[in-house]
Amino acid sequence: MSGLFEEIHEQPAADVPTRRVSITVNGDKRVAQVEPRLLLAHLLRQGLKLTGTHTGCDTTNCGACTVLFDGKPIKSCTMLAVQADGHEVTTVEGLAGASELHPIQEGFKDEHGLQCGFCTPGMMLAAKALLEENPDPTEDEVRWALSGNLCRCTGYQNIVKSVMWAAKKMQAQSAS
Amino acid sequence: MYPSRFRYEAPRSIEEAIALLQQGGGEAKLLAGGQSLVPLLKLRFASPELLIDINNLPGLDYHKVDPDGTIRIGALCRHADLERSAILASRQPTMAAAAPLVADPIVRNRGTLVGSLCHADPQGDWASVVTALGGHVVAQGPNGRRKIPVSQFVTGPFQNALAYDEIAVEAVIPAPKGTVAGGYLKLERRVGDFATAGVAVAIERSGAVVTRAGIALTGVGSATIDATEAAKALVGSPLSAETIAQAAELAAGAAQPRTDHRGSAAYKRQIVRTFVERILTRVEQSSEKAG
């Protein structure tokens, strides 16, 4: 491995200062030796091979790189990997259980909440944070919570329906 | 896009952070929410030798109200905290109106009010809000703390009055002497875009008479505009259609908009006029109802 990061197996090149970071990613503790300028999005995608986190605009606009940082959605292209040291990160790979999709994933499937799918991981993680804070949102509240995530295919209609579908399913699950 | 190389430090105390700033000798940058700085690093508009991450400094994530009504916002208080704040919802309508309009919901989870003031973007919402409220920034350096009124803190586009070895630790909204009213309105093409224009209005009244007023404008000049003449037109009498129209006209005159892809200068001036009128008319109507 070369470049800006390597998972810790050996000592990095001596001339470039790096830092050891320990991040809980989808419940697993991951340790890496990184250059401080490495972005969290790149550590996830290239270092940890979790390519479900997409990088779209690279300028904090589109939200495709949204992950949960200590449970709150953040844009992982706008955080340095070193800043995640000691924190918990959830990516789209952490949504599904061992055998079952997360209700939000089911909702996107059932309601056709995606076309090209590029924005979908970010949409689903932003939706997860919303539904944890507000399990019974209105359509307006869903639109508001997703307003930092851009979709260029769907016109958002089915994305909102998908999240509403998931909210109902999750409420039914927690009631039973 | 990668930032250029920098040395990274994450101090655990303000004193340690100030010592690092002194070491940096003007080539250091402080990282708080990072929602403006990290993009600037990636675009290489900023390439500091030393990046000092202050996110681990303890006890700076607060916003609170003193017994006398002074509101204090710590350097690590995020926009999202202010958006959900019961303190602002009950006491500070201008700030409560602005918080949900800053950037987008995901950026608001990281970005900070104090960082926004320091960044001094002419498009920044908080600089207008804090200007209209007559607030100040508390800067801490090697020789202790000093207060800088926000009107002097923002010295130009992307420029602030901090010395190279100072940290903005807190923003302060002074205790009101009368009843507080006001609002913030922003026109943006979509959530997260820079403002086409924004207007912050903050007034205090004793009975019906306006005793203090502040009006500040976002995105219609090379820095935040403090529309002092417009605000003066409101002081000393109750709000009326006449004083509101006068303030709106003076605020539109104080704007220095430029024609760009977000609209013509004349259009932006008209937005300023409309927003001043709209905020003040709402205040007047809600106080009539209450009275």
Of everything in segment A:153-176, what is modelled with pLDDT of 95 or more and within 14 Å of chain B (Cβ to nearest Cβ)? Give them in sequence order. A:Tyr156, A:Val163
Would you be able to tell me the number of residues in segment B:31-48 that are at positive phi and crowded, with 17+ Cβ neighbours inside 10 Å? 1
Pairs needed: first member in segment B:257-281, over 23 Å from B:Glu242 (Cα atoms) and in the same structural domain as B:Ala216 (by TED's automatic domain parsing); second member anywhere, of a type in the set (A, V, I, L, M) and not in a helix (DSSP H, G or I); C-beta distance under 6 Å; at least 6 residues apart or different chains. B:Pro257/B:Val220
Would you say B:Gly134 is more than 14 Å from chain A (Cβ to nearest Cβ), more than 13 Å from the chain's Cα centre (by Cα) and part of a loop (DSSP other than H, G, I, E, B)? no
Of the conditions (1) surrounded by fewer than 16 Cβ atoms within 10 Å (Cβ to Cβ); (2) under 18 Å from B:Asp193 (Cβ atoms), the single one that B:Ala265 does not satisfy is (2)
Filter segment B:8-31 for residues that are within 25 Å of the chain's Cα centre (by Cα) and within 11 Å of chain A (Cβ to nearest Cβ) and give the result. B:Leu31
Condition check for A:Gly52: within 11 Å of the chain's Cα centre (by Cα) and in contact (Cβ under 8 Å) with a residue 60 or more places away in the chain: yes
Of B:Arg145, B:Arg110, the only residue that is closer than 21 Å to B:Gly24 by Cβ, of a type outside the set (S, T, N, Q) and out of contact with any Asp or Glu (no Cβ under 7 Å at 6 or more places or on another chain) is B:Arg145
For strands (runs of 3 or more DSSP E) lying entirely in segment B:10-106, having 3 or more residues that are more than 24 Å from B:Glu204 (Cα to Cα) and either in the same structural domain as B:Phe275 (by TED's automatic domain parsing) or touching a Phe, Trp or Tyr at 6+ places or on another chain (Cβ under 7 Å) (or both) picks out B:50-53
For the subset of segment B:101-115 comprising residues that are over 13 Å from the mean Cα position of the chain (by Cα) and touching a residue at least 12 places away in the same chain (Cβ under 8 Å), which member is nearest to the other protein chains (Cβ to nearest Cβ)? B:Asp104
Check whether at least one residue in segment A:1-18 is among the β-branched types (Val, Ile, Thr) and modelled with pLDDT of 95 or more, and report yes or no. no
Give B:Leu76, B:Leu43 a once-over and let me know the one that is aliphatic (A, V, I, L, M) and either away from every other protein chain (no Cβ under 11 Å) or touching a residue at least 60 places away in the same chain (Cβ under 8 Å) (or both). B:Leu76
For segment A:126-145, which positions are crowded, with 22+ Cβ neighbours inside 10 Å, in contact (Cβ under 8 Å) with a residue 40 or more places away in the chain and of a type outside the set (Gly, Ala, Ser)? A:Lys128
Entirely in segment A:38-148, the strands (runs of 3 or more DSSP E) that have 2 or more residues that are more than 14 Å from chain B (Cβ to nearest Cβ), under 16 Å from A:Gly27 (Cβ atoms) and modelled with pLDDT of 95 or more: none
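The values are calculated or read from the model by the stated rules, or taken from the named source; none is laboratory data. Since the structure is predicted, the reported quantities are computational estimates derived from the model, not experimental observations. Every residue, glycine among them, receives a Cβ derived from its backbone with ideal geometry; neighbour counts consider all protein chains shown.
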